Structure formats: C-alpha cells, structure tokens
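A quick write-up on the structure given underneath.
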Amino acid sequence: MPNHPKVYPVTPDGRYFVVRGRLWRKANPALTEAVRKKLVSELSKARSALRRDAGLSAEERKKARRKVDAAKRALGERGPVWWTDGAPDYNRHMAVNTPYREWFENLS
C-alpha cells in the first residue's frame, strides 16, 4: 500500500493549512520550485539530525535547531509574512479564534 501524504484543508487565501483546528503558515508561493526544494531538503536534514539525537552534543543540537529555524524562515513559514496586503499573521492560532472561523466551521 503506497504511503500518501495526508491532505490538510487550506484556507481560501492559500496562506495557511489546518491541522487539528490550528492554522499553520504555508510556504511562500513566490519561491521557485528549485529554491523551495533546496530549502525543504535543508529542513529535512536538520530535523533528521534532531530525531537521531543519540550522539548530538548540546551545541550540535542548538546548531540543528538554528538550521530548522533558518529553513522555515527562508520558506516563509516563520518570521515576516510573505503576503503584502497588510493582513495580520494567524500562524499557530486556532482557526475558530480567527477571521477564518466561518470557513473552518463549514468544512465537511
């Protein structure tokens, strides 16, 4: 049986996806596919290092966490928002506590 990634609902404006009712900022859609793939690869390597953890020193662990943060910022998932219309960031907010409430409650 193939392993298919789970598909999460995406807000109508494409800024967030929802997991267990919480909004998570999506990557900047203006990134080229090559740049996005490179950043996702860097993110995966850093996360993998943290999961392996067994032999990591405290400094190596800090370095891996900094790499995760740097990749997520470069992707646009953290830090300044990538949209330009002045809308606030609701990253990590519960969807029902945001302007996306009605949309979220109407998901089937």
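Read the figures in this text as sums done on the coordinates, not as results from a lab. Bear in mind the structure is a predicted one, so any value in this text is a computation, not a measurement. Please note: Cβ atoms are built from the backbone with ideal geometry, for glycine as well, and neighbour counts cover all protein chains shown.
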- Message: Here is a check on your reading of the model: is residue 6 surrounded by 10 or more Cβ atoms within 10 Å (Cβ to Cβ), without any contact (Cβ under 8 Å) to a residue 40 or more places away in the chain and of a type outside the set (Gly, Ala, Ser)?
- Response: no
- Scanning for something in a helix (DSSP H, G or I) and among the small types (Gly, Ala, Ser), does the stretch 8-30 turn up at least one residue? no
- Name the residues in the stretch 82-108 that are closer than 12 Å to residue 13 by Cβ and aliphatic (A, V, I, L, M), would you? 87
- Task: Under 7 Å between Cβ atoms, at least 6 apart or on separate chains: pull out the pairs that start in the stretch 85-107 with a residue that is aliphatic (A, V, I, L, M) and end on any residue that is part of a loop (DSSP other than H, G, I, E, B).
- Result: 94/21; 95/21; 96/21; 107/9
- Examine the stretch 36-43 for a residue that is in contact with a helix residue (DSSP H, G or I) (Cβ under 7 Å, 6 or more places away or on another chain), more than 29 Å from residue 103 (Cβ to Cβ) and not polar (S, T, N, Q), and state whether such a residue exists. yes
- State all residues of the stretch 80-106 that are surrounded by fewer than 15 Cβ atoms within 10 Å (Cβ to Cβ) and not hydrophobic (A, V, I, L, M, F, W, C); if no residue qualifies, say none. 80, 84, 85, 86, 88, 92, 97, 99, 101, 102, 105, 106
- Using the structure shown, decide if residue 79 is farther than 23 Å from residue 8 by Cα and in a loop (DSSP other than H, G, I, E, B). no
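Can you tell me which residue among 66, 47 is among the charged types (D, E, K, R) and under 15 Å from the mean Cα position of the chain (by Cα)?
Of the residues listed, the single one that is among the charged types (D, E, K, R) and under 15 Å from the mean Cα position of the chain (by Cα) is 47.
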- Item | For residue 63: the one exception among (1) assigned to a helix (DSSP H, G or I); (2) in contact with a Ser or Thr (Cβ under 7 Å, 6 or more places away or on another chain) | (2)
- Message: So, residue 30, is that one touching a residue at least 40 places away in the same chain (Cβ under 8 Å), within 18 Å of the chain's Cα centre (by Cα) and surrounded by fewer than 13 Cβ atoms within 10 Å (Cβ to Cβ) or not?
- Response: yes
